[in-house]
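Nothing in this text is a laboratory measurement; each read-out follows from the coordinates by a stated rule. Everything quoted here is computed from the prediction, not taken from an experiment. Positions of Cβ are generated from backbone atoms using ideal geometry, with glycine treated the same way; all protein chains shown enter the neighbour counts.
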Amino acid sequence: MKKLLILFAVGSMMTLTSCGNDKSKVEEAGDKVEETMEDAGDAVEDAADDVEDEVEDATNN
């Protein structure tokens, strides 16, 4: 999880340091990496929530 957050931070920094309105291929790639990392983070959070719900259901029965 820490690696995921670090990669997300690096992707965010790459996006924030861009200048001008025209995006280079590198900036577009950085945006895709950032989006992918956000999606991965969301998927991890969703999976953790699902596991938590299953554990709660199992312990309440």
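Worth pointing out:
- Taking 0.36 nm per residue of separation and subtracting the current Cα-Cα distance, fully stretching the chain between residue 2 and residue 27 would add 6.6 nm.
- Under the simplified labelling scheme, the residue 35-residue 57 pair shows an inter-label distance of 3.3 nm, with each label point 7 Å from Cα along Cα→Cβ.
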